[in-house]
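As structure tokens, the structure follows; a few thoughts come after it.
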Amino acid sequence: MAAETQLSDTQRELTKAEQDVDQVRQRAARNQKLLDSGSVGSAKDLTNLQHEVGSLAKRQSDLEDVVLEIMERVESGQTRVSEMTARRDEAERSVKEAEERRDTSYGSIDAEVEKITRDREILAEAIPADLMKLYIRLRTQNAGIGAARLFQRRCEGCRVELSITDLGAVRAAAADEVVRCENCGRILVRTSESGL
Ligand SMILES: [Zn+2]
């Protein structure tokens, strides 16, 4: 936008400079016509007129240089505008592509959430009501995670490694007993990788 504003300012400047040249040119033409007509009687007037024709020619040449200089600026302004436009278009394309990827991701995330929710409902039905109640309470207390895997002697909920004593207690517990992390209180899920 800044490049476009600058370009239109320079184009306005060019129009103005071209008008200046035109005015001088017209005036010089009028004077020349007057000279050619032979109607200027006095020598003094004739000298003045010739003098003015000369200085108008110089002025016209100066103004034409100004016009050329502005034209160069208009050209580089146009180049800059097209460069910026190309860059903007490129950026807009990138945004559009990213949005499309995002929407595709949304789609697959939604599908995944739907599937996980269905799977969870099926699993939840098989879990005793009191255990479910405990799990929901722990989940509320522990940032959405009520149960964590015990992995290589470490609670994956709070990342704290179980003490020898606590490990011993977990080891001694029956397979269907609910064991919990002494540190965070979450239900510990035992697997073959628990390090027991
Ligand atoms: Zn823990």
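The values are calculated or read from the model by the stated rules, or taken from the named source; none is laboratory data. Bear in mind that the values here come from a model prediction, so they are computed numbers and not experimental data. Cβ placement follows ideal geometry from the backbone for every residue including glycine, while neighbour counts extend to all protein chains displayed. With ligands, DNA and RNA removed, areas are computed over all heavy atoms of the protein, side chains included. Shrake-Rupley method; radii C 1.70, N 1.55, O 1.52, S 1.80 Å.
Before we move on, is Leu150 modelled with pLDDT of 95 or more, within 26 Å of Ser192 (Cα to Cα) and outside any loop (DSSP other than H, G, I, E, B)? For Leu150, the condition - modelled with pLDDT of 95 or more, within 26 Å of Ser192 (Cα to Cα) and outside any loop (DSSP other than H, G, I, E, B) - is met. Filter region 157-179 down to residues that are within 8 Å of the ligand (Cβ to nearest atom) and of a type outside the set (Val, Ile, Thr) and give me whichever is surrounded by the fewest Cβ atoms within 10 Å (Cβ to Cβ). Only one residue fits best here, namely Arg159. Give me the pairs: first residue in region 152-178 and touching a residue at least 24 places away in the same chain (Cβ under 8 Å) and of a type outside the set (Val, Ile, Thr), second residue open to solvent by less than 100 Å² (accessible area, probe 1.4 Å) and more than 15 Å from the ligand (Cβ to nearest atom), beta-carbon distance under 9 Å, and six or more apart or on different chains, which are they? Taking only residues 6 or more apart or on different chains, the pairs are Gln152/Glu193; Arg153/Leu196; Leu167/Leu196; Arg171/Leu196. Taking each residue of region 22-35 that is at pLDDT 90 or above and looking for partners that are among the basic types (Lys, Arg) with beta-carbon atoms closer than 9 Å, six or more apart or interchain, yields Val24/Arg59; Ala28/Arg59. Taking the conditions (1) within 13 Å of the ligand (Cβ to nearest atom); (2) outside any strand (DSSP E or B) in turn, Val189 satisfies each one other than (2).
Scan region 54-61 and tell me whether some residue there is within 29 Å of Thr5 (Cβ to Cβ) and either surrounded by fewer than 12 Cβ atoms within 10 Å (Cβ to Cβ) or assigned by TED's automatic domain parsing to the domain that holds Leu7 (or both). No, that holds for no residue.
Counting only residues that are closer than 22 Å to Ser61 by Cβ and over 59 Å from the mean Cα position of the chain (by Cα), which one in region 9-46 is least open to solvent (accessible area, probe 1.4 Å)? Out of the qualifying residues, it is Asn31.
For region 44-59, give me the residue count where each residue is under 10 Å from Asn31 (Cα atoms) and hydroxyl-bearing (Ser, Thr, Tyr).
Qualifying residue count for the region: 0.
Within 16 Å of the ligand (Cβ to nearest atom) and open to solvent by 90 Å² or more (accessible area, probe 1.4 Å): does that describe Glu121? Spelling it out, it is not the case that Glu121 is within 16 Å of the ligand (Cβ to nearest atom) and open to solvent by 90 Å² or more (accessible area, probe 1.4 Å). Can you find a residue that is open to solvent by 100 Å² or more (accessible area, probe 1.4 Å) and within 16 Å of the ligand (Cβ to nearest atom) anywhere in region 89-109? No; the residues of region 89-109 include none that is open to solvent by 100 Å² or more (accessible area, probe 1.4 Å) and within 16 Å of the ligand (Cβ to nearest atom).
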